[in-house]
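Q: Got a structure for you, questions after.
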Amino acid sequence: MTDASDLRLEKLPLNHGTGQMPALGFGTLIPDPAVTISATRAALEAGFRHFDCAERYRNESEVGEALQAGLAAQNLARKDIFVTSKLWNTNHRPERVESAFNASLERLKLNFLDLYLIHTPFAFQPGDNQDPRDQNGNLIYDRGVTLLDTWRALESLVDHGRCGAIGLSDVSLNDVVPLYEAARIKPAVVQVESHPYLPETELLQFCNEHNIVLLAFAPLGHGIKPGPLEDRVVLAIAARVKKTPAQVLLAWAVQRGTALLTTPRSAERAKENFDISVLPQDAFDEINQIQTRQRFNAVVKTGSPGFIPQGS
Ligand SMILES: NC(=O)c1ccc[n+]([C@@H]2O[C@H](COP(=O)([O-])OP(=O)(O)OC[C@H]3O[C@@H](n4cnc5c(N)ncnc54)[C@H](OP(=O)(O)O)[C@@H]3O)[C@@H](O)[C@H]2O)c1
């Protein structure tokens, strides 16, 4: 954490590229196109400057439209925001990477991405069907490509100045270590589910030791209740410090040195989720001592997203 201690403005340096990642990120995994636009505009207005997108979310066009209109309305420039997208599982074959990247750029109406991630370490059968399944409904994986093959293609995007930094998502420490060792350009960011019920302490330690930013998704446990938003320790701290449970959870995530992605859909929640401030040390320590363990998203096990309706 920087000395400025304004968590809202916290930026994390990346181990390659020139960019710094704003710790507070807005996630665009929103199925409804109109809500995608209004929520993205509201996030920009509330102060979010980091936007997490993906071809799999099927709404990059709407995010691009909202960003373009929002930047103009607020007199902001492209360089004022940090934009990420992710390569989907059906595009892991190296020869498919550049066109998938270009298609994301085009939909987002951008000519550069600050960060490009491999969405999951699972390669699916290449093709236009993002959810390829056999007649029994089982996912069809592609055994003919390794994570390192795909990574090499992402390295080439950095070499050619197409994106600032590259990284991984939905990986375990067992995936990260060999990739890290073999990579010519080391992953700058690892995006995984993380909150007090899934602190990913070992992975965070590895990331800290190797200058990798851990980017936490589901910092509110995907909003699922019961979950961290209703945890009695979090509720008690929220009452004590006069913040909402969501603000406590988001502050904790930034204070422990991670970046995060949250997805408020209304303007009120965007303002609430941006308005975080430093927790007193005892509150921070109490959250670290929560013993409940729960994973809310199984994507890390299969590569199949838990929160996107099939066929959408
Ligand atoms: N790499 C991956 O595989 C992966 C997987 C999942 C997500 N992600 C990324 O992570 C982003 C974050 O998504 P998330 O679901 O993990 O976000 P989250 O912020 O942990 O959870 C969003 C849920 O929390 C609720 N919520 C938001 N602000 C709240 C507040 N102030 N008080 C109470 N409830 C609140 C929302 O409810 P309302 O909808 O009612 O506002 C929504 O149901 C996604 O958009 C995506 O970019 C990545």
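Taken together, the values in this text are just the output of simple stated rules run on the coordinates, not laboratory data. All values reported here derive from a predicted model rather than from experimental measurement. Counting neighbours? That spans all protein chains shown, and the Cβs are built from the backbone with ideal geometry, glycine included.
Q: Measure up 243/271; 86/225; 79/186 against 18 Å on the Cα-Cα distance and list the ones that go over.
A: Where the Cα-Cα span goes over 18 Å, the pairs concerned are 86/225; 79/186.
Q: Here's another thing I want to ask about it. Whole-Hz ³J(HN,Hα) for each residue in region 279-293, computed from phi via Karplus 6.51 cos²θ - 1.76 cosθ + 1.60 with θ = phi - 60°, x for glycine and proline: what do you get?
A: 7, x, 4, 5, 5, 4, 5, 4, 5, 4, 8, 4, 9, 4, 10
Q: In addition: What do you get for the angle between helix 60-73 and the principal long axis of the chain? Use alpha-carbon atoms, 0 to 90 degrees, nearest ten.
A: With both axes taken from Cα atoms, the answer is about 50 degrees.
Q: OK, next. What FRET efficiency do you get for residue 61 and residue 304 if R0 is 35 Å and r is their Cβ-Cβ distance, rounded to the nearest 0.05?
A: Details: r = 24 Å, r/R0 = 0.67.
That gives a FRET efficiency of 0.90.
Q: Right, here's the next one. Give me a comma-separated list of calculated 3J(HN,Hα) values for region 43-54, in order, Karplus coefficients 6.51, -1.76, 1.60 applied at θ = phi - 60°, integers in Hz, x for any Gly or Pro.
A: Listing the rounded values in order: 5, 4, 5, 6, x, 4, 10, 10, 10, 9, 10, 6 Hz.
Q: Next up: Hey, could you get me the Stokes-Einstein D for the chain, Kirkwood radius over alpha-carbon pairs, 37 °C and 0.692 mPa s, rounded to whole µm² s⁻¹?
A: Values: Rh = 19.6 Å.
This corresponds to a translational diffusion coefficient of 167 µm²/s.
Q: If you average 1/r across every pair of different Cα atoms in region 3-154 and take the reciprocal, what Kirkwood value do you get, in Å? List each step's numbers first, then the result.
A: Numbers: mean 1/r = 0.0603 Å⁻¹.
Over region 3-154, the inverse of the mean reciprocal pair distance is 16.6 Å.
Q: Please give the contour-minus-distance gain from residue 103 to residue 72: 0.36 nm per residue of separation, less the Cα-Cα distance, rounded to one decimal in nm. Working shown, then result.
A: On the way: separation 31, 0.36 × 31 = 11.16 nm, distance 2.31 nm.
Extending this stretch completely gives an extra 8.9 nm.
Q: Sticking with this structure for a sec: Identify the trypsin sites (Lys or Arg not before Pro) of region 81-161 meeting these criteria: DSSP loop state and at most 15 other C-beta atoms within 10 Å of the C-beta. Don't skip to the answer; put the middle values down first.
A: Details: sites: 86, 96, 107, 109, 133, 143, 152; in loops: 109, 143.
Loop-located and lightly packed - 109, 143.
Q: Taking only Cα atoms, what is the 0 to 90° angle, nearest 10, from helix 173-182's long axis to the longest principal axis of the chain?
A: Helix 173-182 sits roughly 60 degrees off the main axis of the chain.
Q: Need one number: % antiparallel among DSSP beta bridges in the chain, to the nearest 5. Don't skip to the answer; put the middle values down first.
A: Details: 6 of 33 bridges.
The antiparallel fraction comes to roughly 20 percent.
Q: Here's a follow-up. Can you pull a Stokes-Einstein diffusion coefficient for region 199-256 at 4 °C (1.567 mPa s), Rh from Kirkwood over Cα pairs, as a whole number of µm²/s?
A: Details: Rh = 12.3 Å.
Value of D from the Cα-based Kirkwood radius: 105 µm²/s.
Q: Measure nothing fancy, just the Cα-based angle from helix 147-159's long axis to the longest principal axis of the chain, in degrees from 0 to 90, nearest 10.
A: The helix 147-159 is inclined about 80 degrees to the chain.
Q: What distance in nm separates the two pseudo spin-label positions at residue 268 and residue 208, each 7 Å out from Cα along the beta-carbon direction?
A: That separation, rounded to one decimal, is 3.8 nm.
Q: Compare 192, 254, 158 in a GNM of the chain, Cα atoms joined below 10 Å, and give the one with the largest fluctuation.
A: Of 192, 254, 158, the most mobile in the Gaussian network model is 158.
Q: How big is the gap, in Å, between the Cα center of region 236-312 and the Cα center of region 137-164?
A: After rounding, the separation between the Cα centres reads 30 Å.
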